[in-house]
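Only one structure is covered here, and it is reproduced in the block below.
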Amino acid sequence: METLKLIGAIIVLLGSIFLFLGALGLVRMPDLFNRIQAGTKASTLGTMLTLLGIILLNPDWTGKLVILILFVLITNPISSHVLARAAHFRKIKLSDKTIIDQLADDGVEEKDDINNSKE
Amino acid sequence: MKIKSFFIITIVLFSVWVLLNNSYEPVLLIIGAAVSILIALIFCTKCSVFSQIKLSPKSLFYSIAYLFVFMIELIKSNLDVAIRVISPKLPINPGIVKVKTVLNTELGRMILANSITLTPGTLSVDIRDEYIYVHWINVEGKDIETATNSIVKKFEKYLKEIYG
Amino acid sequence: MVDQLLNISAIIILLAVLLSMYRFLKGPTTFDRIASFDTMTISMIGLIGIITYLTERMIYIDVAIVYGLLSFLGVIIISKYKEKSL
Amino acid sequence: MIWIIISAVLGVVMITMSVVAIHHKKITIAILSAGGVSLIASILYLLLAAPDVALTEAAIGSGLTTFIFFYVLNKIKKHKHVEE
Amino acid sequence: MLRNSLILILILGLAAIMLSIFVDYTPKEKLGPVAEHYANNGKEEVGAANLVTAVVVTYRGLDTLGEVSILFLSAAIIGFFLKIRNEEHSKNQIVIRYSEILGTGAKILVPIIILLGAYVFINGHLTPGGGFQGGAIIASAFVLMLIALPRPALNHRVLSIIESFSGLSYVIIGLLGVFLAAGFLDNQIMSLGTFGTILSAGAVPVIYILIGLKVGTELTGIIGNLKEIQNEE
Amino acid sequence: MQNIGIEQISLAVGFILLLIGIWGMLSQKNILKIIVSFTIFETGLNVILVVIGYIRNKTAPILDTTELQTNTAEKIVDPIPQALVLTSIVIGLGVTALLLVYALKMHKEKKSLLINDYKDTKW
């Protein structure tokens, strides 16, 4: 029992380190898209590991924590996708190291809402 | 088709309810079933999202395999980000490339795009018809085939079996 | 031992929050600020988890679920506003 | 001890964000920061043993208020665009 | 400049007052008499595990009725302000950049979020939360639907029917308390049940479900009105 | 000051937020900024109200474990200020929504968001 708790606490520590690295990436990366990349990936895994460690620390709380983990896993990529799409639409400058941008080459596609309804 | 969708969404909502309550009292289960069926009736008379899942033992096997592949990729991706962030020279070589996908159901495409966002060095920016535009932190090849092979293929063979 | 490890984790998460705060103050464009806001709130969910364990009240997790939902919606709505398609 | 550190850091972040909310030129950032102040306040309520208030602040104070702000701002901006 | 310095003087004065309050502040050691009564007798009198719910719904139930009516009034005034020129509903729709990933995500998430809201107000007497929070969460689900899906439609008739029905039932339950139990909004018109289970606390869960439906439909109505004026002109 | 706790820190944060909110409400010219300051003012006020009900080393007034159900008054914080703050937040949403819609109407009339342009009722 005690070893399980210790493993849980170490996993929580690992998760918090990933969260910290994500924030560090947010500060150090040169342009917006790289920042979003660092922020999303590290914070998703960091939060998942933190909550997983708490499941190991107290197995009675499994249900709600599993819901929370699944929720973070679904929503976090979606929100960063929407953010990246809006940023590209507003022509945020990519960093000077960027070598190719095929989305800008293909142009902005103004979609009307009527054509897209598949229902 | 509608009945299958309704059935799956009710099951999903009911399992969410049970996980939230964290107990198996009969009263709770009855209330949960009533609420799930009510919400499914009101909000999902038209939705077709969940009817795209194939229900068969083979797809179940592939889902579990996919989950493992995805977890390994997620951890690899985080180590990758960590190394890039810590190293003082910031070794990046970014660009936006175009990849092609053969999936044509909504749910499969969403899961593919989310997986791309969470795997090493890639972030899906936009999705148009059969192309996904991906911001790649370390561009290895500019043409569609190379990019597709190294970004999409590893997930697609599983997702194709699950969602068609 | 377990409690000390959790305290250290909480302090590391607070450092992460302060770093994102730095990007929030400095960020040249609005989108940088939104990205840092996103990272900040996601880190706070981990913080709520640790607080829940340290106080031993399971009911606090409900707050974390609602918190995650609202931070997600906030990011979506401001992105859509900047995309001019609200 | 840990509680004092957490509440002090949260307080500093809250005060910084509220100053940003009032003195930033862009109204978008101001509204976002006000939402952030509410979200962090909800963790402070959690520390003060008030989970009910924390839930309310997260759902209503931060969520719906921000949404209504953005809808109104969008309408005003569109109006201006038509004028010009 | 004069104005700013006057404001500064005012702020400094207020700060001095607050500083003196802050220095004199001594933390409380024990509960006051009213709170002590609630804490010791709330379990027998109301039967709700969440004492804040007990205070909001039963001990201070009349205040909650006033609160709900203030919210209703503000929703009605907003509707009146915005709806005044809705007849000439002009048809130049704005171009929506539909994102397929967000749309699919919204289709999956909206029912789950609504279930979460229902969980929050059904369990209002056991866990944190209650009618107001659950209603706000349901309204957020509608916000997600309005943002993400290409052409969602809110049926204002159904919304107003649910709203009036739940408001009316709330008042009727309150009046039943006068005839069957001790007073207005007394919750002992039903049996209190076992403490700590979902069917406990008498009428409190029913009242919270009604408040949740009413607040949810009111806030959804406000959001829907604001969304509809985006497309005008 | 060796017994400083989270209640003192939270009280200070609440007072500072209150002052920042008042400063913003009085000094800003843009009407939307004034409403933003109003929400910050409100948050500060709610923090202060919650601090008044807080008692050190006691837990939230939700009796979900059997341990809390005996001798309750010695183990929980004051529930009354929390119930009042709950009411205050909900009403705050109504007031903010009304203010915003009113600002929208004013903008439609005057084509401006600056408070200096609304001179009709000034005398």
Scan the range F:60-96 for residues that are buried (at least 17 other Cβ atoms within 10 Å of the Cβ), over 30 Å from residue E:77 (Cβ atoms) and of a type in the set (S, T, N, Q) and jot them down. F:72
Being closer than 24 Å to residue F:64 by Cβ and among the β-branched types (Val, Ile, Thr) is the filter; apply it to the range E:177-205 and report the residue that is surrounded by the fewest Cβ atoms within 10 Å (Cβ to Cβ). E:194
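Applying the selection to the range C:26-43, what residues are in a helix (DSSP H, G or I) and more than 7 Å from every other protein chain (Cβ to nearest Cβ)? Break it down stepwise before answering.
So the first thing to find is which residues in the range C:26-43 are in a helix (DSSP H, G or I), and the list is C:26, C:30-43.
Matches in the range C:26-43: C:26, C:40.
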Tally of residues being among the basic types (Lys, Arg) and touching a Ser or Thr at 6+ places or on another chain (Cβ under 8 Å) across the range E:144-188: 1
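How many residues are out of contact with any helix residue (DSSP H, G or I) (no Cβ under 6 Å at 6 or more places or on another chain) and of a type outside the set (S, T, N, Q) if we restrict to the range C:1-14?
Of the residues in the range C:1-14, the ones out of contact with any helix residue (DSSP H, G or I) (no Cβ under 6 Å at 6 or more places or on another chain) are C:1, C:3-4, C:8, C:11.
Applying the additional criterion that residues be of a type outside the set (S, T, N, Q) yields C:1, C:3, C:8, C:11.
The total comes to 4.
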Looking at the range E:55-67, I want the residues that are free of Cβ contacts under 8 Å to residues at least 40 places away in the same chain and have a partner that is part of a helix (DSSP H, G or I) and of a type in the set (Gly, Ala, Ser) with Cβ atoms under 8 Å, at least 6 apart or on another chain. Which pairs are those? E:55/F:83; E:60/F:83
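Take residue B:116 and tell me if it is out of contact with any helix residue (DSSP H, G or I) (no Cβ under 6 Å at 6 or more places or on another chain), part of a helix (DSSP H, G or I) and more than 22 Å from residue B:5 (Cβ to Cβ).
Working: out of contact with any helix residue (DSSP H, G or I) (no Cβ under 6 Å at 6 or more places or on another chain): yes; part of a helix (DSSP H, G or I): yes; more than 22 Å from residue B:5 (Cβ to Cβ): yes.
Yes, satisfied.
Would you point out which residue out of C:12, C:76 is at the interface with another protein chain (Cβ under 7 Å from one of its Cβ atoms) and in contact with a Phe, Trp or Tyr (Cβ under 6 Å, 6 or more places away or on another chain)? Give the steps one after another, and end with the answer.
Numbers: C:76 fails: in contact with a Phe, Trp or Tyr (Cβ under 6 Å, 6 or more places away or on another chain).
On inspection, the qualifying residue turns out to be C:12.
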Exactly one condition in (1) at the interface with chain F (Cβ under 7 Å from one of its Cβ atoms); (2) farther than 28 Å from residue E:55 by Cβ; (3) at pLDDT 85 or above; (4) more than 16 Å from the chain's Cα centre (by Cα) is not met by residue D:74; state its number. (1)
Filter the range E:199-215 down to the residues that are part of a loop (DSSP other than H, G, I, E, B) and under 24 Å from residue E:162 (Cα atoms) and list them by number. E:199, E:202, E:203
Kindly evaluate residue C:51 against the criterion of being surrounded by 24 or more Cβ atoms within 10 Å (Cβ to Cβ) and at negative phi. no
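Look through the range C:49-60, keep the residues that are part of a helix (DSSP H, G or I) and at the interface with chain D (Cβ under 10 Å from one of its Cβ atoms), and return whichever of them is farthest from residue C:7 (Cα to Cα). Give the derivation first.
Pass one, the range C:49-60, residues part of a helix (DSSP H, G or I): C:49-55, C:60.
Keeping just the survivors that are at the interface with chain D (Cβ under 10 Å from one of its Cβ atoms) gives C:50-52, C:54-55, C:60.
Working: C:50: 8, C:51: 10, C:52: 12, C:54: 9, C:55: 12, C:60: 18 Å.
Checked the range C:49-60; the qualifying residue farthest from residue C:7 (Cα to Cα) is C:60.
Listed here are the residues, each with its yes/no results for (1) among the small types (Gly, Ala, Ser); (2) within 9 Å of chain E (Cβ to nearest Cβ).
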{"site": "F:33", "(1), (2)": "no, no"}
{"site": "F:46", "(1), (2)": "no, no"}
{"site": "F:54", "(1), (2)": "no, yes"}
{"site": "F:60", "(1), (2)": "yes, yes"}
{"site": "F:76", "(1), (2)": "no, yes"}
{"site": "F:80", "(1), (2)": "no, yes"}
{"site": "F:87", "(1), (2)": "no, yes"}
{"site": "F:90", "(1), (2)": "no, yes"}
Give the residues of the range E:1-49 that are assigned to a helix (DSSP H, G or I) and touching a residue at least 40 places away in the same chain (Cβ under 8 Å), sorted by residue number. E:43
Checking the structure you have, find out if any residue of the range D:42-62 is more than 7 Å from chain F (Cβ to nearest Cβ), among the β-branched types (Val, Ile, Thr) and surrounded by fewer than 21 Cβ atoms within 10 Å (Cβ to Cβ). no
Which condition number does residue B:5 fail, the rest of (1) more than 9 Å from chain A (Cβ to nearest Cβ); (2) at pLDDT 80 or above being met? (2)
Among the numbered conditions (1) among the polar types (S, T, N, Q); (2) at pLDDT below 90; (3) within 27 Å of residue F:107 (Cα to Cα), tell me where residue F:57 comes up short. (3)
Mind telling me which of the residues C:1, C:58, C:44, C:21 ends up being of a type in the set (A, V, I, L, M), closer than 24 Å to residue D:66 by Cβ and surrounded by fewer than 23 Cβ atoms within 10 Å (Cβ to Cβ)? C:21
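Might you let me know whether the range B:53-73 holds any residue that is surrounded by fewer than 21 Cβ atoms within 10 Å (Cβ to Cβ), part of a helix (DSSP H, G or I), facing chain A (nearest Cβ under 9 Å) and touching a residue at least 24 places away in the same chain (Cβ under 8 Å)?
Looking only at the range B:53-73, we keep the residues that are surrounded by fewer than 21 Cβ atoms within 10 Å (Cβ to Cβ), and these are B:53-73.
The next check asks that each one be part of a helix (DSSP H, G or I); those that pass are B:57-73.
Checking which are facing chain A (nearest Cβ under 9 Å) leaves us with none.
Looking through the range B:53-73, none of the residues is surrounded by fewer than 21 Cβ atoms within 10 Å (Cβ to Cβ), part of a helix (DSSP H, G or I), facing chain A (nearest Cβ under 9 Å) and touching a residue at least 24 places away in the same chain (Cβ under 8 Å).
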Search the range B:119-142 for residues being at the interface with another protein chain (Cβ under 10 Å from one of its Cβ atoms) and either acidic (Asp, Glu) or assigned to a helix (DSSP H, G or I) (or both), and hand back the single one that is farthest from residue A:83 (Cα to Cα). B:129
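Answer yes if at least one residue in the range A:32-55 is among the hydroxyl-bearing types (Ser, Thr, Tyr) and in contact (Cβ under 8 Å) with a residue 40 or more places away in the chain, and no otherwise.
Step one: list which residues in the range A:32-55 are among the hydroxyl-bearing types (Ser, Thr, Tyr), which gives A:40, A:43-44, A:47, A:50.
So of that shortlist, the ones also in contact (Cβ under 8 Å) with a residue 40 or more places away in the chain come out as A:40.
Taking every residue of the range A:32-55 in turn, at least one turns out to be among the hydroxyl-bearing types (Ser, Thr, Tyr) and in contact (Cβ under 8 Å) with a residue 40 or more places away in the chain.
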Among (1) at pLDDT below 80; (2) outside any loop (DSSP other than H, G, I, E, B), the one test that residue A:33 misses: (1)
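The values are calculated or read from the model by the stated rules, or taken from the named source; none is laboratory data. Given the structure is predicted, the values throughout are model-derived calculations rather than measurements. We place every Cβ from the backbone using ideal geometry, glycine too, and count neighbours over all the protein chains shown.
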